[in-house]
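Everything on this sheet refers to the single structure shown next.
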Amino acid sequence: MKGQAMTGEAALIGAVQAFNKDTDVETIPERLESVWDVLSEYHGGNFHAAEEMLSRSLLKQMAGSTANAERVRRYSRTWNVLGAVFARTPLFSLAKSLADWKFIGILQQTLKELQGDRTAVGPQPHLNGTEDIEMTDAPAPESPPSSRKRKRPGFRFTIKEQRTKAGCLQTAEALLEALRILLARCEIKSNDEPPTHRMGAEHIKSLFSLSAADAIGILVPILHLCIIAVDLPVSAPRREFSSWLFTLNAVWGLHLQGASDASEVAAHLSHLATRLLGKLIDVAGIGNLGIEDSIKERWTRDLRRFLSRNLILPARAAFLNKKDQSILQTAVEASAESCFLTFPVIFDLVGKSPCEFGGNTSIKDYETWVQAVFDTIVAASTTIHSSSNLMTGTLALTAMRRVMKLAAERGAVLSAQSLRLVCKEYAVGPQTNDWSLLLSIVKVNPDAFLLSGDGKELLDQILERANSSSPLIQEYQETVSQFIVLLASGYAQARDLSSFVKTWLKYLDSPKSEEKLEPLWARQELVDTVARLVQSSLNTNQLAELVAWLSEQEASAAKVFILSALSSGVTREEFVDAANMKIFDAIMAQKVSKKDAPVISACRWSDAARTLAEGTLEEAGQVWSQVGSYLKKALKKSPVGDEDTFAAFKCCVAAWLSNYLEGDNEEETSKLVCSFLSRVEKEATLESKGRYISWILKEEPRLVSMVVDKTGKVPDIILSLVKPTTGDDLIGMEHAPKLSRVLLRECDTGNQKLTDILIDTIIKVIDDSEPGTFKPSTKDAVLSLLDAPMETLSRSQREATMKTLISHLPQASTNGSGLGVEYWKPVLSLMIKLMEEPTFYEGMSFSHLEAIGGGLLSATDFLSETRPILRLLHQLAVLTIRQMAGGNLDSREKSYLSDAKTILQGRVSDEDDVARIVLLHAFVSTVKEPKTAQRLEKAGLDFSGLVDVLFQLASSVVAAGKWRGKKLLALTFALDALDSLGRDSTKQAVASSVKSLLKTSNKLVNDGIQDGWAIRMFLADHFLEALESPFRIKLDMEVSDEGEITNSAIEIPVLRQYVDAVVRHADEPTKLQYLKELLLSDCPSNETLGRLLIIHQLITHLKGTKPSSSSSDFDLAQAHSILTKSLPTLPTLPHIIQTTQTILLLLDQSPVSMKQFNIDLTLSRVSLLANSPPFQTLLTTHPEAYQPLCSLLEVVIKRHRHRLEGHFHVLLCPLQDLLKLLLSRCQANTPTWEKNAQQFSRLLTLICEPTAATTAQTSHAVLESEKDRARRYAGRYMYLVLMQYVKCQLECVAPPHAVKETLEREGMYAIIRITSGEGLKIMSEGMDGGGRVVFKELWRRWERFGRWTVIFQCLWTLSVCINIAEAEFVFSENTI
């Protein structure tokens, strides 16, 4: 290595000397390439004379104003070489060279030249794939570039090509990369650096200590170059530009700070920076940019930071402290040229700037600042808009649209006066309205139209154009409708909903339309909004006055429509009493006419229905007297599918319900309802019928039982749910869930008559179906019985159902023998449900089970589908045989069991052996049950011979070999049967076939067939020695982006069963050896999750013992250490969850096995994972990943609290990190984050309010409560968590209200309770002014809501104790 270094150093010296000897400018590219080739191979040594000489020579040739100097400055390889030199040369020497040759001047001159050519045009050289243009990863600033490719510049050494945009970008990339390396080396992070390095770094920084004007001379060209990069076509080749704006921030950070810096930024940088940011965040909605998404994201972040720190925050400080708007005014005026991009960006930056309330700053001050920014933008836009140039006017309109949209999205508080100005200038034109802008205005502050005469006139002008008949409004109908809805909410907020209703009546009436209503004002969304606002915005007197005013208006469809809308919002008793009948009278005062539109008739009947439902019996009579005659006509003559007919039916049902059992009109209303239901069944289409059925079952299920009580039969429309009708079997209607709801409700209400009718009808549907078929109606009937509560089925109905199902089994000779899984699964499930209760159907015989088994084998050729059905057969056989053998053994039972024995002892074909094995296994396992065996023995029934039959049949299947198709299916069931006969019998039958079984298992597992695992599981349980390494298995598992297991070589329950089988007969050392091998052996990444599942299941079988004293002995403490150390390296959410679950199992199940090191390691790894950037990124898409970390801390606090004494500071770090993670990542309206906050608060409560169980392990000689001692001990430290909470509120975006409330109510208040006065004093001294303001507000909330919680709990506990004492005293007196 030393020789290579000497060779590289000599080569570099030679290349530099050759570079300096030749003075011909035209040969510079070749000479630079020679130097670059050496630099690419040689990474530096102990001597740097060659690098210093090279830097001085290059800077010398770059200085000056000659054309050749410009060519050198513009040549990208020049800056590549300088970047490599900057990374190698000692800082002290480098600083002297840069100062001697005026590097800053060269830098400014180069950037100025690149900026000056931003509009230059010229040939764009084609850079194909063979030319090295792709930029490699930037090297670390502390070291020279390593393994750098030899990259040839894509442009010749001619000024013409260098001045093209692509040439400028190539030079800029090399220049800014060299500058980044130089500035990064000046950031000395370690105190171990030599003093000369620190001195050199400070000297280099001093070179950049420029005035604001000079620094801007460097920054402006960089921004121009960024804009060029963004604007060039996407197809143009790109390098890595991501550090450009970071470098810009660094250069500005080194300049001489001054009071006028913000003004300089506003005047000279704001227009370029905001324009660039507008392109990056795609304000214009253009889409693709000329840079990659990763570069765009970083540029956006860096540019936002620069503008916020150096423009927005200083401008806000000047405004709030001095009422000075000069900075803001300068920035807006400078950005006016591209206002459609820059103005929305400025407003967006203001809205997203951190709000630090405290001291002399209040929320009102912040709102005043936002208002000032908005007014400044409006004034500048108005100036542009009023110009004679049509293009600039359009740009100003676009800018205001975007600004208002941002204001609406952010909920900005803007004055009504400013919004009216915007409305007049931009939104309301001579002929049309800008509805999108109007919508944003009404979202921000509807008072702009409500609180002044000027605003009301403006609103009238706007609403006059809200007419759907206007051709100009067709494409904005949704926007206009939303505007009207928000306007209603604004009126309600102003406590003037009555005025909106009057306005609504004015614009809703449309005599020219077919329905006499203006469609834009008659939308359901507006009706729902007004109904929701009625009771919250009006009192009873105001509502009564409004109804009275409406009743005095001229008769119109609009009047009825509005009254019905008001009626739908009246639900509270006081409002019902005040306005219910008045609204109804006002509607009925308008004469009912045949010419009424269906929607008006529907409104009339809907209001009548609500009045009937809420009114008294007397009021119901009055309502019926007015609407009865009209309802009769509607229900007898109107088409059943019309909207008004449906409303009339609901009104009639409401009338019946209001008169039920005691009303004068019950007979009339009930007959009307029943006759109409019959009419619906006859005349309605399937769609209309479904509408009526859905309403009855969801809204008025009581109607079914009322009709049954009245007529003695179920309505045909309900029976149609199960009765096959024309077209049902073609359409396949799924009515089973609906009918199940009816059965469940009637079962709860005890209406046995109705349930019996429905059940009998369903059974009849099955009985009437053709045997061997399974039409949709039959399927619905089976599913209905399957979903019906068992209580609804009487014994006779169960027996009738079983008889029907058995009689309709497909015969092998019919075409029904091909029925598949869709038939057998529901039918067998229903049989199992029925046989769970005593069910002895007529003609019950074991041959029925034999017939079912024969039919199952022809159901499907897919083994994965046949296996579950055969398991259902096994379950059915067990239930049936248990009924026959488990009760009184009369002649019926004995005959059944004798027939079963005869059938099972008979011969069986090879094709049916799997069904015979299933039935034999079920019979033998049932009769061997202890209680059953005793009964059979007393009755003289002996079935021991069937055990030999099962053994021989299963053994023959195992010994046959070549298991394929149904033979493989028979093998798995044969192994299950042998497993139940005992280990000795099993080994005797299978010993000779172990090798064949193992080979078959391996092949099936490799092919992804689950039967292979069943065979392997059997071998692991009985012939473990045949498996050399039982856990060395392939467990591929694919994890989706959503964190779910999408594809697995083995089902997780099967994997757990396999682990159980392997370790079932193993001793403790063997299990530990298995665990050691699993944890220490290498594993492919795609099998890691499967191995974690095995480890978890294996640990459940281990008994916790004290840690071994020998380091060579493997124990659970070492297993915990290995798993915990792997936490930060886990790639996906399932890996993290599974690993934490295993660690939790170790900490909770085996606390005696853990050492103090294990506890400290757990806490430190939680902290490390919380600070890990990959985990924080994962948390953005999967917030549920936060909960496992809280669970780890929770189990430590609960089970290992005694180990925290003397180590409590170790617990504080993960608590603070988790709190910061929660507050920095939480999102509003996300239940998962609220749950995360609850879980974290639970941790604080466990620490501050420990339970007796968590402190039971600690013991001290002093006579004091362990709980009190634990609280005092925690009080010495927990105030630091409270300080972290205050700090995070200042540094992070304000957390959502729900998260903040949960943290404070359940966590922070608990910390305050245990913190002593000394701790509070330390907190106050440790916080700045802003922190003390935040804590002061928190303290006030605690005094209002948190302080008294404990007192209330104590009082409640005291009252409970007093009640118990009193009860005991009374009991003792009574006893005496």
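Of note:
- Of Gln1149, Ser601, Ser1085, farthest towards positive along the dipole that unit charges on Lys, Arg, Asp, Glu beta carbons give the chain: Ser1085
- Debye intensity ratio I(q)/I(0), log10, the stretch 522-580, q values 0.16, 0.21 Å⁻¹ (C-alpha model): -0.46, -0.79
- Extension gain, Ser845 back to Asp293 (0.36 nm per residue minus Cα-Cα distance, nm): 191.5 nm
- The Cα-based radius of gyration of the stretch 484-546, divided by its Kirkwood radius, gives an Rg/Rh of 1.00.
- Straightening the chain between Lys710 and Ser1110 buys 135.5 nm, computed as 0.36 nm per residue apart minus the Cα-Cα spacing.
- For the stretch 873-963, the direction-averaged projected area of the alpha-carbon convex hull comes to 5.9 nm².
- Over the stretch 459-613, the pair-distance histogram of Cα-Cα distances with 10 Å bins from zero comes to 11, 43, 35, 11, 1 percent, rounded to whole numbers.
- Whole-Hz couplings from phi, Karplus 6.51/-1.76/1.60, listed for the stretch 1190-1199; x for Gly and Pro: 5, 5, 4, 5, 4, 5, 5, 5, 6, 9
- Backbone HN-Hα couplings from phi across the stretch 778-795 [Karplus 6.51/-1.76/1.60, Hz, Gly and Pro as x]: 5, 4, 4, 5, 5, 5, 4, 5, 5, 8, 5, x, 4, 5, 7, 9, 6, 4
- Rounded to the nearest 20 debye, the dipole magnitude of the stretch 50-112 is 180 debye, with +1 charges on Lys and Arg beta carbons, -1 on Asp and Glu beta carbons, and the Cα centre as origin.
- Karplus-derived 3J(HN,Hα), 6.51/-1.76/1.60, for each residue of the stretch 833-841, Hz, glycine and proline x: 4, 5, 7, 5, 10, x, 9, 10, 7
- In this label model, Asp948 and Ile281 are separated by 8.9 nm, measuring between points 7 Å along each Cα→Cβ vector.
- Counting only the Cα atoms, the stretch 658-715 fills a convex hull of 77 Å³ per residue.
- What the Kirkwood sum gives for the chain is a hydrodynamic radius of 40.7 Å, with every pair of different alpha carbons counted.
- Considering only Gly854, Ser895, Val918, and ranking their Cα positions along the charge dipole of the stretch 847-955 that arises from unit charges at the beta-carbon of Lys, Arg, Asp and Glu, the one farthest toward the positive end is Ser895.
- Cut-off 14 Å between beta-carbons: net charge of the residues surrounding Tyr426, Lys and Arg +1, Asp and Glu -1: +3
- Calculated P(r) tail over 20 Å for the stretch 198-306, as whole % of Cα pairs: 43
- Cut-off 10 Å between beta-carbons: net charge of the residues surrounding Val1062, Lys and Arg +1, Asp and Glu -1: +1
- Solvent-accessible surface of the chain, averaged per residue with a 1.4 angstrom probe and all protein chains in place: 46 square angstrom.
- Extension gain for Thr616-Glu662 works out to 15.3 nm (0.36 nm per residue, less the C-alpha to C-alpha distance).
- The portion of the accessible surface of the stretch 824-924 made up by carbon and sulfur, rounded to a whole percent, is 47 (1.4 Å probe; DNA, RNA and ligands excluded).
- Calculated over the stretch 399-492: convex hull of Cα atoms, volume per residue (Å³): 93
- Cα-centred dipole magnitude for the chain, charges only on beta-carbon of K, R (+1) and D, E (-1), debye, nearest 20: 2580
- Packing here is the average count of other Cβ atoms within 10 Å per residue, and on that basis the peptides 85-98, 374-387, highest first, run 85-98, 374-387.
- Rounded to the nearest 20 debye, the dipole magnitude of the stretch 844-972 is 240 debye, with +1 charges on Lys and Arg beta carbons, -1 on Asp and Glu beta carbons, and the Cα centre as origin.
- Helical content of the chain, expressed as a calculated mean residue ellipticity at 222 nm, amounts to -21500 deg cm²/dmol (DSSP H runs of 4 or more residues, -39,500 (n - 2.57) each, divided by residue number, nearest 500).
- When Rg and Dmax are taken over the Cα atoms of the stretch 995-1153, they come to 15.9, 46 Å.
- In the stretch 547-685, the inverse of the mean reciprocal separation of distinct Cα atoms equals 15.1 Å; this is its Kirkwood hydrodynamic radius.
- Cβ-based charge dipole, the chain, positive-most Cα from His1101, Leu809, Leu280: Leu280
- For the stretch 379-437, alpha-carbon Rg and Dmax in angstrom: 11.4, 34
- In whole percents, the pair-distance distribution calculated for the stretch 280-415 from its alpha-carbon pairs, binned every 5 Å from zero, is 2, 10, 19, 21, 21, 14, 9, 4, 1, 0.
The values are calculated or read from the model by the stated rules, or taken from the named source; none is laboratory data. Here the structure is a predicted model, which is why all the values come from computation and not from measurement. Cβ coordinates were reconstructed from backbone atoms using ideal geometry, including for glycine residues, and neighbour counts include every protein chain displayed. To get the accessible areas, we keep the full protein, side chains included, count just its heavy atoms, and leave off ligands, DNA and RNA. Shrake-Rupley method; radii C 1.70, N 1.55, O 1.52, S 1.80 Å.
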